């Protein structure tokens, strides 16, 4: 009952936050319609809010519009678009995104129990942290093709974490990380972390065993099933690229139209160490300008430090480090973050550093393990950190309309 009530309340909070904002770019709705018609492109002039020539983040070839973003969100939306049609689905985008974000909160509450938090306050802490003290609230409010993918990717990673702390079926974990890759490409880097998780489960890391015993316990079958689960998504990725651009390795990200300042950054390399300084600053160091007027600080849309927006994530540092699962989650979060830190885009326009959402579910699970270590709850000062993050998240709703 608590979880169901949390989902309902969350839905209305998200919907009231985004109902008056029109992103005007529900590209996934129109791409879903294209898939239903066995096309990989969107016709010109399909609808006023469909992608148009000259807009950012679109590719136009021979009078056809291609969406550069990873395709699984469109695939997931195909049943809904088949019922409503792409134009109506576009009009209902705010409701759809609010429902997806509420699903994130509800799943977080459920997965918290799977991690080991049995008490309601601890589970509520984790659910509120993910839903209202990270960029989930911001991307739901702003909407559009840039943000819907974040919501679906977070749902997929929560399902993955539920499986990691549940039956740990390697094939299903491989499928989920594959679908995550088809939603947000950096999530492919979670694969090595899952391989470590399977290794941990096998018992081969037991330091009391001899080397020969450890070698005997190596989970070859589990690793193979991870690859088998991931393979269809990789195959579809290659096919989708070939069907659009005639090359299995051309994803379209290097072809999309951009504003001049991003085009300059992309010319320095789509993924390059040159971008490390910028992304590290956006993730950890950048603060808003503080003012004497409501809401007393002003972001610039380029990003803000996660320490300012989501300080309760620092509880991950207090995870039980004698538990190898904490280390594996940390390694997975870092692996997923690496391509993001090397990426030219920076995440503009954003409130906080939205690209970190790819890594946050694994950091969030570490916060969950800290709660388990703390006898299923969180100390008062952790709730203060969470409260600060929620206040900053709520201010993001204001800035979604005023940036």
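Here are some notes:
- Selection from the range 197-214 of residues that are without any contact (Cβ under 8 Å) to a residue 40 or more places away in the chain, in a helix (DSSP H, G or I) and surrounded by 15 or more Cβ atoms within 10 Å (Cβ to Cβ): 198, 199, 201, 202, 214
Conditions tested, residue by residue: (1) buried (at least 18 other Cβ atoms within 10 Å of the Cβ); (2) part of a loop (DSSP other than H, G, I, E, B); (3) without any contact (Cβ under 8 Å) to a residue 60 or more places away in the chain.
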| residue | (1), (2), (3) |
| --- | --- |
| 265 | yes, no, no |
| 276 | no, no, no |
| 301 | no, yes, no |
| 313 | yes, no, no |
| 316 | yes, no, yes |
| 322 | no, yes, yes |
| 334 | no, no, yes |
| 346 | yes, yes, no |
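- Residue ID - nearest to residue 75 (Cα to Cα), chosen from residues in the range 17-58 that are part of a helix (DSSP H, G or I) and over 22 Å from the mean Cα position of the chain (by Cα): 35
- Of note, residue 95 does not satisfy the criterion of being crowded, with 17+ Cβ neighbours inside 10 Å, within 23 Å of the chain's Cα centre (by Cα), at pLDDT 95 or above and within 20 Å of residue 152 (Cα to Cα).
- Positions within the range 125-160 being out of contact with any helix residue (DSSP H, G or I) (no Cβ under 7 Å at 6 or more places or on another chain) and part of a helix (DSSP H, G or I), in sequence order: 146
- Selected residue (criterion: modelled with the lowest pLDDT) from residues of the range 267-290 that are farther than 23 Å from residue 359 by Cα and out of contact with any helix residue (DSSP H, G or I) (no Cβ under 6 Å at 6 or more places or on another chain): 267
- Within the range 84-123, tally of residues that are within 22 Å of residue 22 (Cα to Cα) and part of a helix (DSSP H, G or I): 19
The values are calculated or read from the model by the stated rules, or taken from the named source; none is laboratory data. Predicted model only: the values in this text are computed from it and were never measured. Positions of Cβ are backbone-derived with ideal geometry, glycine not excepted, and every protein chain shown enters the neighbour counts.
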